[in-house]
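Undergrad: One structure is given below, represented as structure tokens, and several questions about it will come after.
Values in this text are rule-based calculations from the coordinates and carry no lab data. Since this is a predicted model, take the numbers as computed values, not measurements. For neighbour counting, all protein chains shown are included, and Cβ atoms are generated from backbone atoms with ideal geometry for every residue, glycine included.
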């Protein structure tokens, strides 16, 4: 549920008969929404626990029933967001019956769709995680390595004689993150409209510039990626 909708959904005051796990989940979601809102507006370092509980509309003791501190809350937010996103992206990659190029297109479409659905949470997780403590930085790196596995599958179809550097996937993911972060920070342009440039950027090292262009821009009369075979 988008953060603004969570804030508009309040539990009834006083005693009620709602299940305990439902109440706990609702409180966690409000805390997630609060830290996303505040960190997106003013950055992680400037966001205080007092601001979080006030924005979430929960008591401080309620916060401590769920999290040890602000860093623990942020890490929980990042873990839940990253895990859900990765599973959805990986499912799209595996479900695509075509070659690697088609799998990359399918998973990238899904990834950009997820970002477009909640750009604020994406900004917070992708950008502010780098200033949210060592655990968040490490978790971000682990997520990037999971995505790297899907890119590495493209090495098998690289043109004969092409030597790909060992750090290629790290370089590509770093560049991809920079491209998306730049668009998210500027808040200008259609995130999902980035698909062609991202596909060209990611596929070119494995298949060459010309082939990547054909795969990324089939609307220009080029071949569909599902028919590409490297």
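Undergrad: Just subtract the alpha-carbon distance of residue 94 and residue 20 from 0.36 nm times their residue separation and send over the number in nm, one decimal.
TA: Working: separation 74, 0.36 × 74 = 26.64 nm, distance 3.70 nm.
22.9 nm is the gain from fully extending residue 94 to residue 20.
Undergrad: Return one quarter of the surface area of the convex hull spanned by the alpha-carbon atoms of the stretch 81-161, equal to its mean projected area, in nm². All intermediate terms of the calculation are to be shown ahead of the outcome.
TA: Working: hull surface 24.8 nm².
In nm², the orientation-averaged hull projection of the stretch 81-161 is 6.2.
Undergrad: In addition: Grab the beta carbon distance between residue 68 and residue 131, set R0 = 22 Å, and tell me the FRET efficiency rounded to 0.05.
TA: 0.70
Undergrad: Let me ask something else. Which order do peptides 123-132, 192-201, 42-51 fall in by mean Cβ count within 10 Å, highest first?
TA: Values: 123-132: 20.2, 192-201: 16.3, 42-51: 14.4.
Listed from highest to lowest mean packing, they are 123-132, 192-201, 42-51.
Undergrad: Next question, about the same structure. Can you give me the convex hull volume of the Cα atoms of the chain, divided per residue and expressed in Å³? Write down the numbers at each step before the final one.
TA: Working: hull volume 30.6 nm³, N = 230.
Taking the convex hull of the Cα positions in the chain, it is 133 Å³ per residue.
Undergrad: Now for a different question. For the stretch 113-209, what D do you get in µm² per second when you plug the Kirkwood radius from alpha-carbon pairs into Stokes-Einstein at 25 °C and 0.890 mPa s?
TA: Numbers: Rh = 14.7 Å.
Translational diffusion coefficient: 167 µm²/s.
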